[in-house]
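Heads up: the structure comes next, in structure tokens.
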Amino acid sequence: MTTLALIQAYVPNIHPAHIMPFLVMLVGAILCLIFDAMSDKQGSRDLLPWVAGSTLVATIMSLLIGFMPYNRLFAEETFRADTFSVLGSITIMLACLLAVIMGPALVSRRNIPSGEFYTLIVFVAFGGMTMALSNELLTAFIALEIMSLSLYVLTGIDRRSSRASEAAFKYFILGAFASAFLVLGIGFIFGATHTTHLHEIAAVLGEGSVDLVNGGAAALNPIWIFVGFALLFVGMCFKLSLAPFHMWAPDVYEGANTPTVVMIATSSKIAAFALMVHIVAALARWDLFAEGATYLVGFVALVSMIWGNLGALVQSNFKRMMAYSSVAQTGYMALALMVLIALPGQLEGAKLAAAEEAIKNAIVLYLVGYTVMSALALGIAWLIGGEGHMAGYRGLVFRNPIAATGMAVAMFSLVGIGFTPPTIGFMGKFYLFKEAVQYNFTALAAIAVVTSVISAFYYLNLVVTMFMREETEEAGVRLACMREQTFRLASSDALTRVAMASCTALIFLLGFFPNSLFLIADAIKEGFLR
Amino acid sequence: MQEIFVSNLVLSALLFTIGILGVMWKRNAISLFMSVELMLNAANLAFVSFAYQMGLLSGGILVLFIMTVAAAEAGVGLAIFISMFRAKRHIRVDEHDMLHG
């Protein structure tokens, strides 16, 4: 009896239903490994996409049904689900689902071990979801490593390609470098506040002193928290590919296979942004912190917007262009993150809470929109084999009008400003910049608009190349030989086309009705079951 | 007590800096990776010295988790180095330069 009591005292108080999405993912990942071990090569190639895909769909379902308590800590105060993290998790799942759909064509042509490929995709989704939901810094760090390690392997999974190995190496070394910064940052914050739980950190900062173990209290040392946050932010900047820490992104995008690039571009950024928003929300109520951190985040946002857009102007490779464009797009979101930090200095009480909610919603709307847009662009490039030099797109509209139109929709939406009001790119940017102007960051918002106009040059340059340039013999040969390189599977291609069609539909749907996204969030909040 | 704490943190900062410099200057993949490991262990040292100074048990436990992650990272990293080595028969990183704008 005493033994039982002892065991019970050490068993964490976790309701199984609360962690249902995590359990679903883990069971799915393990099933992938078991099925791979049980079937032969061709059998596992046919079966595993379905296992991995249905795992991701089941996780989305369990998130939608709302097993998790909403806006409340659960699982020993380790996780916290709110609109941002739940919508983010669902988007992460969808991006990984797209990678699974694109997978079979890649696996069969490049002769990639399918067991590892699909299992790692599920682990990327698992790490991303855990990171987005976590309320505890160390859990977040481990989740980030689960996601990153899976992505390093997926980047280099095509072992016969020396480009893929090189990309994996660059991603790995800079990623590991960044996690060292992250750990040291967490260490300093832990040293200053004696806890790694975000809500306890917020409480300690509110009191301005920490309770010591031997009773008594010590004054909070602001230096540790500043240094800790700065180191942590530098680490996250690497993961988010914010300038000036974005150097790995173009090389990795170019060298990695496109399904992996889809996940690097979207899933990892959503997860990292969700974590940053949660950390900032815990720290920002402390006015000393807010003053310093506003400059830090603002500087990074500014440099990312300028460097990303100027860098993309001179690229001739499609995937490198998408990498620099992602640097710029994350810069716009970092701008909103900065507003979130500066907010407690300007508002108070209920107004502050409402304003914070509005900014978080603007960021998550743009994250979802960015995911849809870049998934569409990368997916179409994958379908037509246009992942290389952009000269291959010359006169694409005459050869493949549907693909050219889809790509044009993605490009117009990525530009956002001024040209096509009813797209998610426009609405997302509108809300982001509106928040910045509303809280007196007009100069930065103006720079954001100007850099968006600059971005029109390279996005629309691709549209012009597709629609107005003569089709040359050379361009046809270029695309044809790329298509040969990335051999197609009919079933995988058909599903990818369906996915691309739904991305196009989403771009317009969310553009006309951006609030529909939050209707979903409200439905989850109520819980379909509860 | 206080002196030990401060000197531990100084040591940790030194190790971390040496790690950063190593990542910037070294040109062999293994040396790069050793520098990264040095940085991670410097962070671990900071964690433990904070935990010791404050009398918090949790800090020591967190370090165990970080060491596990570092071990997993080593596994993935060495595998990537091997696949790099297969491509060119060496791992001098400045000669693996196929990807550039």
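Please treat every number below as a calculation from the coordinates, not as lab data. Being a predicted model, the structure only gives us computed values, none of them experimental. Quick reminder, even Gly has a Cβ in these numbers, built from the backbone with ideal geometry, and neighbours come from all protein chains shown.
For a Förster distance of 30 Å, can you work out the FRET efficiency between the beta-carbons of A:R469 and A:K434, rounded to the nearest 0.05?
0.25
Here the contact order of chain B, divided by its residue count and restricted to Cα pairs under 8 Å and six or more residues apart, works out to 27 percent. Once the Cβ-Cβ distance of A:T405 and A:E348 is raised to the sixth power relative to R0 = 51 Å, the FRET efficiency obtained is 0.55. Can you give the FRET efficiency to the nearest 0.05 for A:I65 and A:A230, using r as the Cβ-Cβ distance and R₀ = 41 Å? It comes out at approximately 0.55.
Cross-link partners of B:K88 among lysines, defined as those whose alpha carbon lies under 27 angstrom from its own and excluding same-chain residues fewer than eight positions apart: A:K170, A:K319, B:K26. Taking a sphere under 14 Å around the Cβ of A:H246 and counting the other residues whose Cβ falls inside, with K and R at +1 and D and E at -1, yields a net charge of +2. Here chain B is treated with +1 on each Lys and Arg Cβ and -1 on each Asp and Glu Cβ, and its dipole about the Cα centre works out to around 360 debye.
Angle of helix A:473-485 to the longest C-alpha principal axis of chain A, folded into 0 to 90 degrees and rounded to 10: 60°. The ellipsoid that matches the Cα gyration tensor of the stretch B:2-95 has semi-axes, each √(5λ) in whole angstrom, of 32, 16, 5, with the longest given first. Under 5 Å from the amide H of A:F79 lie the amide H atoms of A:F74, A:N135, each residue being 5 or more positions distant or on a separate chain, with H modelled from the backbone and absent for Pro and chain starts. Relative to the dominant Cα principal axis of chain A, helix A:442-467 is inclined by about 20°. Here A:K360 is the anchor, and the lysines within straight C-alpha reach of less than 28 Å, apart from those fewer than 8 places off in the same chain, are A:K239, A:K269, A:K351, A:K429, A:K434, A:K525. Quick one: angle between helix B:57-88 and the longest Cα principal axis of chain B, in degrees between 0 and 90, rounded to 10, please. So the inclination is approximately 10 degrees. Taken as Cα centroids, the stretch B:1-67 and the stretch A:439-468 sit 43 Å apart, rounded to the nearest whole angstrom. Label zone of B:M98 (point 7 Å out along Cα→Cβ, amide N under 20 Å): in the stretch A:92-118 this covers A:106-113. Points 7 angstrom from Cα along the Cβ direction at A:I34 and A:T442: gap in nanometres? It works out to 6.4 nm between the two label points.
Each peptide in A:340-352, A:322-334 receives the mean, over its residues, of other Cβ atoms within 10 Å, and ordering these scores from highest gives A:322-334, A:340-352. At a temperature of 25 °C and a viscosity of 0.890 mPa s, determine how fast the stretch A:21-526 diffuses translationally according to Stokes-Einstein, using the Kirkwood radius over alpha-carbon pairs as Rh; express D in µm²/s, rounded to the nearest whole number. The diffusion coefficient I find is 107 µm²/s. Comparing A:V57, A:Y253, A:V213 along the charge dipole axis of chain A, the residue lying farthest to the positive side is A:Y253, per the Cβ-charge model.
Once the chain from A:A5 to A:I223 is taken as fully extended at 0.36 nm per residue, the excess over their C-alpha distance is 74.2 nm.
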